[in-house]
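Below you'll find the structure, written out as structure tokens, and then a few comments.
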Amino acid sequence: MNRALQTVCTRLFTRPLLNLSSSSILPSTAVGINFIPCAWIRREKLTDQQMRLRYKKLHWHKFYDDKWVQRRGGGWDEKITPENVSFMQEMVYETYANKDSPLKDGPWQRGKFTIDPETIRTGVLGLKLGTLPQWDKRGRKFYVTLVQIIDNHVINYTPPEMINFRTLFTTRPLRRDLHGKVGMLVVGALSCDPRKFTRGYNGLFEQAGVPPKRKLTRFFITPNSAIKPGTPLYATHFRCGDYVDVQARSIDYGFQGVMRRYGFRGGPSDKYGSTKFHRKRGTIGSGRKHKVLPGTRMPGFMGNKLVMMKGLKIWRINTKYNVLYLMGPSVPGPNHGYIRIQDSTLYERKKMFTETNHPPFPTYYPDDNKSKSLDEELFADDIYRFDQPTLTLDDIQVAPLTAPRTAAKTAQKKK
Amino acid sequence: MALSFSTTNKFLLNNQQILRSVLILSVRYKQRGHIADHLVEHHRQSPLGKLKNGAAVDAFPPKDDTTKDLRTTPHDFKYVYPDFLPNPIPYLRDRILEKLERKDMFRRRQQIDIPEFYVGSILAVTSADPYAPNRRHRFVGICIQRERHGLKHQFTLRNIVDGLGVEISYELYNPTITKIEVLKLERRLDENLAYLRDAPPEYCTFPFDMEPVKLPPGAGVPLNTIQVPITSTHWQYKWERHDLKGILLPSLPRSVRKAAERFGEPWRQWDIMRQYRTEIHDDDKAEIYEDIEKHKEDLAQYRIDSKENVKITRARPKAAGRKAILDNSNRSNMSTSK
């Protein structure tokens with residue numbers, strides 16, 4: 001991580017910088033030369049179609065680039081005897097069991113949850129398990145997706161001054177509203193044997209004192225919600241009844257035609273005498289313009305791209321297995337796929353948090369609740385719990401189909 | 001080609017279904033951004049997850065590798081509890097998902113007595129309905145099919161009401177179902193009785209005030225070997241093509257019979273993989289049956305506790321009289337005849 005930053009900084013120092021005194025667009029938190037402003041600023045906003053065309057093409061990170069640390073290592077036959085193999089495995093487990101966690105000095109000082117300026121909490125990295133049906137107190141069925149949070153730890157925190165946004169937002173639109181305000185937290189999931197990875201990759205986790213993780217993500221957070229590296233994250237980081245944004249890579253369908261990809265209707269079957277027109281797109285041009293418009297929908301690769309679903313409600317939390325029950329069956333991705341979960345950024349859902357009523361900030365620490373034990377299962381208010389008696393729906397008032405007769409009409413009828 | 005073997009509508013296997021299942025299979029094995037299935041359990045149980053301050057993985061009890069005596073698990077409990085069968089699509093299965101699902105199922109079974117029944121049994125289901133008189137809706141019918149696994153398990157009841165065939169599909173674990181009574185417990189020769197739609201109406205007409213038929217204690221589930229004639233001219237599905245034992249087919253033209261032979265897939269009797277998929281695997285059998293046994297003990301204890309806590313105040317009702325009973329029966333008849 002540090003090496004990556006160094007290469008980035010050296011490259012940018014060679015470029016001409018703006019005259020800092022004259023620019024009024026810099027935030028007040030700029031700290032000397034470490035803050036590198038954007039030299040190319042677009043005045044007009046891009047239209048929706050322009051944005052779509054820019055970021056429609058899937059950009060893949062170049063793994064041979066020297067910015068990235070080489071990850072996979074080992075894998076060759078080291079010709080170790082079977083006794084030594086088990087011995088080495090035990091050594092690996094022991095080192096991490098006895099390793100001094102950075103948390104022995106206690107966590108960092110907790111920030112305060114503020115509404116103005118806005119507070120952004122960390123997210124969590126989970127694994128999609130599958131779907132189940134649940135019922136609400138009115139007897140209506142809905143589907144929930146179970147997401148399990150296995151082995152999450154905070155790996156690294158970089159303060160806002162050390163971040164250059166332009167290098168991080170290469171494959172998606174630049175978030176200029178966050179520029180300079182947010183720090184970056186790296187969260188890892190699923191601890192692994194360090195012998196599978198290179199020394200460089202294992203070095204990323206030394207500061208945190210955790211085994212190397214299979215999957216890493218980054219979350220942008222405000223500095224008041226910074227967490228010390230090495231802190232574990234649990235499912236109780238969220239509360240039941242809160243709303244959550246979910247981001248994952250959708251199912252890869254491969255190269256698909258226009259009917260499956262965009263839902264085109266295609267043509268009739270051979271039964272009606274249709275000649276060579278069953279699943280085609282049809283015309284690709286319009287009569288006048290002598291070109292194919294960019295963005296024309298054609299066959300191509302479908303799926304396998306980051307999809308964000310906003311405003312999913314958390315119905316239940318299982319604290320024993322660290323499982324969240326999220327609203328809806330259509331959380332993106334295949335089974336056992338990675339999912340990023342964060343507090344919802346929808347306007348109405350952000351308003352629900354106040355200075356007194358907010359989720360555990362900056363995260364849930366088990367030591368806070370040592371006096372009373374945590375329930376194994378937590379429920380939202382409106383969900384039907386299966387250990388409650390049957391729903392009789394007696395308290396539901398049903399409006400009559402016909403409107404009640406007015407006094408004038410009854411008088412008329414009497415006549 | 002391994003198609004989905006859930007029992008949903010085996011009679012209608014059109015091109016769309018085949019293409020979709022082929023797509024799902026072809027697509028499954030080239031996914032990115034996910035962890036391999038065999039590694040999920042490895043991570044849940046690995047000691048690397050159990051750190052001093054981590055404890056994120058502390059609560060995953062490792063699966064008991066000790067070989068359990070499978071002779072104690074009855075070989076036919078998959079027929080008694082078909083909702084506990086696992087998902088027929090293997091890559092949609094997950095151990096923790098199934099465990100949490102089973103927990104909910106057992107909790108529901110403590111609230112309501114879900115009896116043992118089979119396809120061909122006659123049931124009476126009472127469910128809470130805010131739009132019905134007395135806020136209860138009672139339906140009697142013969143069980144045509146039982147579909148899906150787990151909390152989604154459904155069963156369909158068929159009856160003919162006022163000359164009109166009515167089928168109602170109930171979810172077994174729906175919390176608005178107040179009572180499930182088995183009026184007649186029996187089995188039929190087939191697992192799916194959708195052919196009753198094309199049968200004469202007397203084969204699926206059952207009175208709503210039917211008295212429950214009591215079996216002698218210790219008796220097995222009786223098998224009704226009735227052969228239902230299929231008389232209507234237009235059949236919903238091509239019944240001659242499916243190996244249905246409980247029907248009496250009329251004389252068919254030669255071309256139809258030949259097509260049925262071709263479609264019949266006579267090699268299926270040697271399809272071991274298909275049989276394998278309809279069974280509960282030995283690895284899961286012991287775990288599921290253990291949970292069922294524990295549930296039975298819990299249920300017995302729950303019933304004892306609830307009886308102790310509840311004060312039974314037996315108040316003899318006022319002389320209701322014959323008129324009240326007649327009114328009640330009239331009201332129930334009116335509600336069901338719709």
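Check whether at least one residue in segment A:355-373 is at pLDDT below 85 and closer than 30 Å to residue B:94 by Cα, and report yes or no.
Yes, some residue in segment A:355-373 is at pLDDT below 85 and closer than 30 Å to residue B:94 by Cα.
Tell me which residues, restricted to segment B:145-187, are in a loop (DSSP other than H, G, I, E, B) and either among the hydroxyl-bearing types (Ser, Thr, Tyr) or touching a residue at least 40 places away in the same chain (Cβ under 8 Å) (or both).
B:148, B:149, B:153, B:162, B:172, B:173, B:174, B:175, B:176, B:185, B:186
Can you say whether residue A:380 is out of contact with any strand residue (DSSP E or B) (no Cβ under 7 Å at 6 or more places or on another chain) and away from chain B (no Cβ under 14 Å), as far as the supplied structure shows?
no
Being modelled with pLDDT under 90, at positive phi, exposed (fewer than 14 other Cβ atoms within 10 Å of the Cβ) and part of a loop (DSSP other than H, G, I, E, B) is the requirement here; does residue A:287 meet it?
The answer is no for residue A:287.
Can you name the number of the only condition in (1) within 13 Å of another protein chain (Cβ to nearest Cβ); (2) assigned to a loop (DSSP other than H, G, I, E, B) that residue A:177 fails?
(1)
Please pick out the residue among B:83, B:76 that is under 17 Å from residue B:279 (Cβ atoms), surrounded by fewer than 19 Cβ atoms within 10 Å (Cβ to Cβ) and either within 7 Å of chain A (Cβ to nearest Cβ) or at pLDDT 65 or above (or both).
Being under 17 Å from residue B:279 (Cβ atoms), surrounded by fewer than 19 Cβ atoms within 10 Å (Cβ to Cβ) and either within 7 Å of chain A (Cβ to nearest Cβ) or at pLDDT 65 or above (or both) holds for just one of B:83, B:76, which is B:76.
In segment B:254-265, what residues are assigned to a helix (DSSP H, G or I) and closer than 12 Å to residue B:241 by Cβ?
Across segment B:254-265, the qualifying residues are B:256, B:257, B:258, B:259, B:260, B:261, B:262, B:263.
Could you pull out the residue among B:168, B:160, B:177, B:226 that is aliphatic (A, V, I, L, M) and touching a helix residue (DSSP H, G or I) at 6+ places or on another chain (Cβ under 6 Å)?
B:160
For segment A:193-219, which positions are more than 14 Å from chain B (Cβ to nearest Cβ), part of a strand (DSSP E or B) and open to solvent by less than 30 Å² (accessible area, probe 1.4 Å)?
Hit for segment A:193-219 is A:219, nothing else.
Restricting segment B:169-203 to residues that are open to solvent by 30 Å² or more (accessible area, probe 1.4 Å), in contact with a Lys or Arg (Cβ under 8 Å, 6 or more places away or on another chain) and not charged (D, E, K, R), which is farthest from the other protein chains (Cβ to nearest Cβ)?
Among them, the one singled out is B:189.
Just checking, how many residues over segment A:181-192 are open to solvent by 30 Å² or more (accessible area, probe 1.4 Å) and either within 22 Å of residue A:97 (Cβ to Cβ) or among the small types (Gly, Ala, Ser) (or both)?
0
Which residue out of A:307, A:292 is part of a loop (DSSP other than H, G, I, E, B), open to solvent by 40 Å² or more (accessible area, probe 1.4 Å) and of a type outside the set (Phe, Trp, Tyr)?
Sole residue among the options that is part of a loop (DSSP other than H, G, I, E, B), open to solvent by 40 Å² or more (accessible area, probe 1.4 Å) and of a type outside the set (Phe, Trp, Tyr): A:292.
Among A:259, A:298, A:302, which is the only one that is within 13 Å of chain B (Cβ to nearest Cβ), touching a residue at least 24 places away in the same chain (Cβ under 8 Å) and under 30 Å from residue A:334 (Cα atoms)?
Going through A:259, A:298, A:302 in turn, the sole match is A:302.
Going through segment B:204-231 one residue at a time, which ones are under 15 Å from residue B:250 (Cβ atoms) and either under 22 Å from the mean Cα position of the chain (by Cα) or open to solvent by 40 Å² or more (accessible area, probe 1.4 Å) (or both)?
B:227, B:231
Listed here are the residues, each with its yes/no results for (1) within 12 Å of chain A (Cβ to nearest Cβ); (2) of a type in the set (Val, Ile, Thr); (3) not in a helix (DSSP H, G or I).
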| position | (1), (2), (3) |
| --- | --- |
| B:98 | yes, no, no |
| B:101 | yes, no, no |
| B:110 | yes, no, no |
| B:130 | yes, no, yes |
| B:140 | no, yes, yes |
| B:143 | no, no, yes |
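Take segment A:88-119 and flag every residue that is within 12 Å of another protein chain (Cβ to nearest Cβ), surrounded by 12 or more Cβ atoms within 10 Å (Cβ to Cβ) and charged (D, E, K, R).
Of everything in segment A:88-119, just one residue is within 12 Å of another protein chain (Cβ to nearest Cβ), surrounded by 12 or more Cβ atoms within 10 Å (Cβ to Cβ) and charged (D, E, K, R), namely A:99.
Report, ordered by the first and then the second residue, all pairs with beta carbons closer than 8 Å, sequence separation of six or more or different chains, a first member in segment A:85-101 that is touching a residue at least 40 places away in the same chain (Cβ under 8 Å), and a second member that is among the acidic types (Asp, Glu) and not in a helix (DSSP H, G or I).
A:89/A:193; A:92/A:193
I'm trying to understand the selection: among the residues of segment B:112-123, which are within 14 Å of chain A (Cβ to nearest Cβ) and among the aliphatic types (A, V, I, L, M)?
Selection gives B:112, B:114.
The values are calculated or read from the model by the stated rules, or taken from the named source; none is laboratory data. Please read these numbers as outputs of a predicted model, since none were measured by experiment. Please note: Cβ atoms are built from the backbone with ideal geometry, for glycine as well, and neighbour counts cover all protein chains shown. Keep in mind that these areas ignore ligands, DNA and RNA; they rest on the heavy atoms of the full protein, side chains included. Shrake-Rupley method; radii C 1.70, N 1.55, O 1.52, S 1.80 Å.
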